[in-house]
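**Student:** Handing you a structure now.
Any read-out appearing in this document is the output of simple, stated calculations on the displayed coordinates, not a laboratory observation. Quick caveat, the model's predicted, so the values are computed rather than measured. Cβ coordinates were reconstructed from backbone atoms using ideal geometry, including for glycine residues, and neighbour counts include every protein chain displayed.
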Amino acid sequence: MKCIPSGVPDRYMFKDWEHTTEYNDHIRFLPITKEGNNTILTIPSYVSGKNHHLDRGIYICRASNNISTTDGMFVMTKYNLDLNGAPYFVSSTENTQYGVYLKTVRIKIKFVSVPEYYNYDVYKNGTKFAHYTPTVHRNMKLTDNIYGKNVSVKGTIISLQIQIDTLDDFSSYEVVVKNAIGYSNHTIRLLSARFDGGYLQWFIVEYKQIGDIYWKNQTTRSSNSIVICGLQPATLYFIRMFSRNLIDDSNRTGEIIIQTGNVVMQMMQ
């Protein structure tokens, strides 16, 4: 990618390249390499052993010749880098999911595929499995961890509705997703919602203000109550929770919105 500014005078300063997602979530900064009055950024298209999907996204160049504009001293241009590769499963795909005996359960697989995937297969304990009802949601906003940052990316969710008729249905399910470049597989353990593996479990309550990107959390061993300290008065928060033991994490609950009261407690002197 080459950043070629144009202006008078033609002496330019450049900021580091910024790498973001298509949802404008910041991922990282990359140093500039000057080439005359321009700057270039080289992203290797193939490096053995590297996950090239990490490099997809928007790359922003910012340049200035010290002449102020209506938008400030620096102007910018954007480049969309859309590298092809095998499908990959985003970090928010849950490795362990839960169902209830004699009821239906939905196993959710979250992935990104560039180019678009054309097929997928499901295996139960290594044997091809077809007793499910699929639902596919494309162009979904998914959470993924890219270069150590939790950001939003556009991807697909495949939801497999399975009827749990026998205890044998609590098993391992492998999903293989294919596109024109290759394939990737991901295995999900389906456990009974009442199964804790015999290990002590604790509960993590996650919360964040509406508009925030990152979740905060507090942990409790109580299954019915927790006191969350440090919340701002008269403020809307998202709340969700999950349980954890030595085996794995449970699914997260759905998010609910709560509003704190407008009373601030003060210490008595």
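**Student:** Given +1 on the Cβ of Lys and Arg, -1 on the Cβ of Asp and Glu, and no further charges, what dipole in debye does the chain carry about its Cα centre, rounded to the nearest 20?
**Tutor:** Numbers: 28 positive and 23 negative charges, 20 e Å.
Result for the chain is approximately 100 debye, rounded to the nearest 20.
**Student:** Separate question: How would you classify the stretch 100-248 from its alpha-carbon gyration tensor, with a ≥ b ≥ c the square roots of the eigenvalues: rounded for a/c under 1.5, else prolate if a/b is greater than b/c, otherwise oblate?
**Tutor:** Values: a/c = 2.42, a/b = 1.32, b/c = 1.83.
Judged from the Cα gyration tensor, the stretch 100-248 comes out oblate (a/c at least 1.5, b/c at or above a/b).
**Student:** With a 10 Å cut-off between alpha carbons and a GNM built on the chain, which of Q259, Q97, Q201 moves the most?
**Tutor:** In this elastic network of the chain, the residue with the biggest mean-square fluctuation among Q259, Q97, Q201 is Q259.
**Student:** I need the per residue convex hull volume for the stretch 49-125, using only the alpha carbons, in cubic angstrom as a whole number. List each step's numbers first, then the result.
**Tutor:** Working: hull volume 15.1 nm³, N = 77.
Roughly 197 Å³ of hull volume per residue.
**Student:** Using only Cα atoms, what is the ratio of the radius of gyration of the stretch 125-195 to 2.2 N^0.38 Å?
**Tutor:** Details: Rg = 14.9 Å, N = 71, 2.2 N^0.38 = 11.1 Å.
Here the answer is 1.34, to two decimals.
**Student:** Hey, could you grab the Kirkwood Rh for the chain? Inverse mean 1/r over distinct alpha carbon pairs, Å, one decimal. Before the final figure, lay out each step's value.
**Tutor:** Working: mean 1/r = 0.0447 Å⁻¹.
Hydrodynamic radius (Kirkwood, Cα only) of the chain equals 22.4 Å.
**Student:** What does the charge count near T33 come to, summing +1 for each Lys or Arg and -1 for each Asp or Glu among other residues with Cβ under 12 Å from its Cβ? Intermediate values should be presented prior to the final figure.
**Tutor:** Working: positive: K2, K34; negative: D16, E35.
Taking every other residue near T33 into account, the sum is 0.
**Student:** Using the C-alpha gyration tensor of the stretch 32-176, what are the square roots of 5 times its eigenvalues, in whole angstrom, with the largest one first? The partial results should precede the final answer.
**Tutor:** Working: eigenvalues 385, 53, 27 Å².
Taking √(5λ) for each eigenvalue gives 44, 16, 12 Å, largest first.
**Student:** Determine ³J(HN,Hα), in whole Hz, for all residues of the stretch 97-109 in sequence, where each value follows from phi through the Karplus function 6.51 cos²θ - 1.76 cosθ + 1.60 and θ = phi - 60°; x replaces Gly and Pro.
**Tutor:** Karplus-based 3J(HN,Hα) across the stretch 97-109 equals 10, 10, x, 10, 4, 6, 10, 8, 9, 10, 8, 10, 10 Hz.
**Student:** Arranged from highest to lowest average of other beta-carbon atoms within 10 Å per residue, in what order do the peptides 100-108, 53-61, 28-36 appear? Walk me through the numbers on the way to the answer.
**Tutor:** Numbers: 100-108: 13.9, 53-61: 20.3, 28-36: 12.2.
Top of the packing list down: 53-61, 100-108, 28-36.
**Student:** Using 27 Å as the Cα-Cα cut-off, could you pick out the over-long pairs in K103/K208; K141/K208; K15/K208; K2/K141; K108/K154; K141/K178?
**Tutor:** Working: K103/K208 33 Å; K141/K208 18 Å; K15/K208 32 Å; K2/K141 29 Å; K108/K154 16 Å; K141/K178 21 Å.
Table pairs above 27 Å Cα-Cα are K103/K208; K15/K208; K2/K141.
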